[in-house]
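Down below is the structure, laid out as structure tokens.
The values are calculated or read from the model by the stated rules, or taken from the named source; none is laboratory data. Just so we're clear, the structure is a prediction, and the values are computed from it rather than from any experiment. Cβ placement follows ideal geometry from the backbone for every residue including glycine, while neighbour counts extend to all protein chains displayed. Just so you know, the surface numbers come from the protein's heavy atoms only, side chains and all, with ligands and any DNA or RNA stripped out. Shrake-Rupley method; radii C 1.70, N 1.55, O 1.52, S 1.80 Å.
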Amino acid sequence: MQKYEDIISAHQTLQQQLADQPDRVSTQRVVRLVNQARDAGKVVGDPEQREKLRAILRHWRAFIYERTGEFPPTQLAPFQESGPERRLTQGAASVLGEARNVPRWVAAGARQIPLWVLWIVLGIVAVVVITLGARAIIDGTQATAEPIPTDTPTPTSTPTPTPEMATLTLYNDSNRTICYVYVTAADSTDWGSDLLGNIAVVAPGSSYNVALPAGDYNVKTEDCEREVITILENVAIYGEVGQPIGGDALEETTLLTLHNNANQAICAVYIYSATQTSVGENWLQAGEVVASGGSRVFSVPFGAYNLLAEGCDNTVINAQQAVEVRAPVKWTIDPLPPTPTPTPSPTPTPTLTPTPTPGPTPTPDLGIIRPENAGQIVPQARLVGHEGAVLQIAFSPDGSLLASSGADGTLRLWSMPGGRPLTALEAHRGWAQTVAFHPGGRWIASGGNDRAVRLWDIDTGQAFAEFLSQEGFIFDVAFSPFGRMLATSGGDGTIRLWDVESGSELTAFRYSDSAVHAVAFSPDGQLLASTGADGTLRVWHGLPASTDLCWFNTPPALSLAFAPHGNTLAVGDAEGGITFLSLPVPVEGQRDVNVPECTSEQFAREHGDAVTSLAYSPGGDVLASASLDTTVHLWHVAPESVSGVATLEGHTASVETLAFSPNGRILASADADGVIILWSMEGY
């Protein structure tokens, strides 16, 4: 039997490894810890230790469910004795008297009696029982014989009922990111462990599912600064229950889940009362889009509603009338059936039929950009505010803001989609070289040639953290997809990984003697790519330990971008070329020996000078590239081919940076003269 202290130590070790190296925490290790905590909880005597083991059991069961979709064979109910321990406890209780009449302090004392003492006591009881039984048999032979019934039914054991499971869906209806979720039994005084752990957050408008035995629970949520958002008491969770956080009460609201199975994205959703004629406001946030194959959860008050979904070209994809919403509802949008081509019926030959006049040639659809219609992609806005070059730009996760960093040392925020200037922050002495949004949307990170990296609260405009250990100029910063780590690179040839919450340095490793121009996390957060002025690209895995996955030699590389899907990495170099690399799958335990070369799949060249920035569209089928030759180029990217389709000419100076909005409707690019151009990709 594992000791209580050993289980606590193993629990803490797993939590730390989950924070540092989540990919190295195997499900088997967690299941082993769950079983050890369950077994120890059956025999441990101290109530506080039993409750602590329950919290550990509840925490890791939720983790296993999130990872595998299944629970281990363990219940969340209070620990119960089983097997020999239960039989011995019942035997001791029977010696003292009927269990229900024994005072609690007596029963508790019985549980503390050593097993060998209980065995002796039960042995004595057995001898007495056997003696009395023998006497009863002798007496029974002298009594009048009773008829022995035949075909006596054999009693069957009653199977232990399996607890009914329920699902609680938490919908973040507040304007804050949820970083901590606690769910505990309604009669418990201990909140237990955070169910989100160190690998997930619930952004505004997102949802999170918790599977647990049906019952009454207390629920608490906190933001990333540990401030309480909501505390709910005695929530009845039976079946599927939806609970908005920061919104309406449970008894008046339920969840409507939209599943987009159509072959096009949804850019507008209208949910309005069945008695109204006006559709009202779009329920999607500014710049938000529900991609094909994606889903979106809405918190909806009880009632009857009309439902309407539109594509990004304002065409109706799906409409439903008078849908009753008083329990969780699934709104599935299926692909539109192909429009049948009518078979022309034979027409009799007319006499004296006039020849029809040809109509105007229709304008090409921007849904597919071709060389012949690329000229229709024109600037919709020019943003001017920086005094000098704009060095990097980034969209907020919801697309409502654009951040820019410049050679004048400032960070600027612009309201999207129009580009109205909001604020300017004096961020760095000298150049503000780089800027990136935190996935939660409330913070931005910046780096400059004053060798500092700072984190800013966009609501207050104040810097709340500063990292100063980089010895050279800061060239690039990048948040991991879940926002727990920040990668920085600079002129000293070193890459550093930081814990965003604590501000501590997780690791630092020397890249080369040359500057590291760019760093980027893969969409799943498992890989980190970096490019150096010496022409070497390196891809790392096993973060934050950072083990080499593969390498590639190019002309000095200035930019890189991971494809949203798959394992492709695009790299832009100082000679105007773009290389598309296919990355190997990381192998657990792989070390920095015999590191393979990254496989080159495609190569493209259209620019006449260095490629300074790369950005994939949200769907991953288009890549935009910026260059010192003052142009922006668009490429169609397919598994077997890469083809250029458009050259955007609007800048009069070298283009330093570019970025797609989260919904793909806007492409922003910025140049050395301080001009930011917003290109409309509407309908693309």
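Applying the selection to region 431-444, what residues are open to solvent by less than 30 Å² (accessible area, probe 1.4 Å), farther than 23 Å from Gly205 by Cα and either at pLDDT below 90 or in contact with a Phe, Trp or Tyr (Cβ under 8 Å, 6 or more places away or on another chain) (or both)?
Thr434
Looking at region 22-51, which of its residues are in contact (Cβ under 8 Å) with a residue 60 or more places away in the chain and either in a helix (DSSP H, G or I) or among the hydroxyl-bearing types (Ser, Thr, Tyr) (or both)?
Pro22, Asp23, Arg24, Glu51 - these are the residues of region 22-51 that are in contact (Cβ under 8 Å) with a residue 60 or more places away in the chain and either in a helix (DSSP H, G or I) or among the hydroxyl-bearing types (Ser, Thr, Tyr) (or both).
State whether the residues of region 311-321 include one that is of a type outside the set (Val, Ile, Thr), closer than 27 Å to Val241 by Cβ and touching a residue at least 60 places away in the same chain (Cβ under 8 Å).
No.
For region 633-642, state whether one or more residues are in contact with a strand residue (DSSP E or B) (Cβ under 6 Å, 6 or more places away or on another chain) and among the polar types (S, T, N, Q).
no
Conditions: (1) farther than 15 Å from Tyr616 by Cβ; (2) of a type in the set (Phe, Trp, Tyr); (3) surrounded by 16 or more Cβ atoms within 10 Å (Cβ to Cβ). Phe562 meets all but one. Number of the miss?
All conditions are met except number (1).
With the requirement that a residue be within 22 Å of Cys224 (Cβ to Cβ), open to solvent by less than 20 Å² (accessible area, probe 1.4 Å) and not small (Gly, Ala, Ser), what does region 486-541 give you?
The answer is Leu486, Thr488, Leu497, Trp498, Val500.
Taking into account only those residues within region 269-292 that are assigned to a strand (DSSP E or B) and hydrophobic (A, V, I, L, M, F, W, C), which is farthest from Val325 (Cα to Cα)?
Among those residues, the one meeting the criterion is Val290.
Looking only at residues that are touching a His at 6+ places or on another chain (Cβ under 6 Å), of a type outside the set (D, E, K, R) and open to solvent by 10 Å² or more (accessible area, probe 1.4 Å) in region 609-643, which one is modelled with the lowest pLDDT?
Here the residue is Ser643.
Does Glu588 satisfy the criteria of being at pLDDT 85 or above and over 30 Å from Cys312 (Cα atoms)?
Judged against the criteria, Glu588 is not a match.
So Gln380 fits all but one of (1) part of a strand (DSSP E or B); (2) at pLDDT 90 or above; (3) not acidic (Asp, Glu); what number is the exception?
If we test Gln380 against (1) part of a strand (DSSP E or B); (2) at pLDDT 90 or above; (3) not acidic (Asp, Glu), just (2) comes out false.
Taking region 635-680 as the region of interest, how many residues are in a loop (DSSP other than H, G, I, E, B), of a type in the set (A, V, I, L, M, F, W, C) and over 13 Å from Leu623 (Cα atoms)?
2
Quick check on my filter: what residues within region 497-513 are under 14 Å from Ala445 (Cα atoms) and at pLDDT 85 or above?
Leu497, Trp498, Asp499, Val500
Within region 306-325, count every residue that is within 13 Å of Ala274 (Cα to Cα) and open to solvent by 30 Å² or more (accessible area, probe 1.4 Å).
Final tally of qualifying residues: 5.
Do you know which residues across region 591-608 are open to solvent by less than 70 Å² (accessible area, probe 1.4 Å) and modelled with pLDDT under 85?
Val595, Pro596, Cys598, Ser600, Gln602, Ala604
When you check Gly483 against the structure, is it of a type in the set (Gly, Ala, Ser), open to solvent by less than 40 Å² (accessible area, probe 1.4 Å), more than 23 Å from Ser546 (Cα to Cα) and part of a loop (DSSP other than H, G, I, E, B), yes or no?
no
Output the number of residues of region 212-242 satisfying the condition of being at pLDDT 80 or above and touching a Leu at 6+ places or on another chain (Cβ under 8 Å).
10
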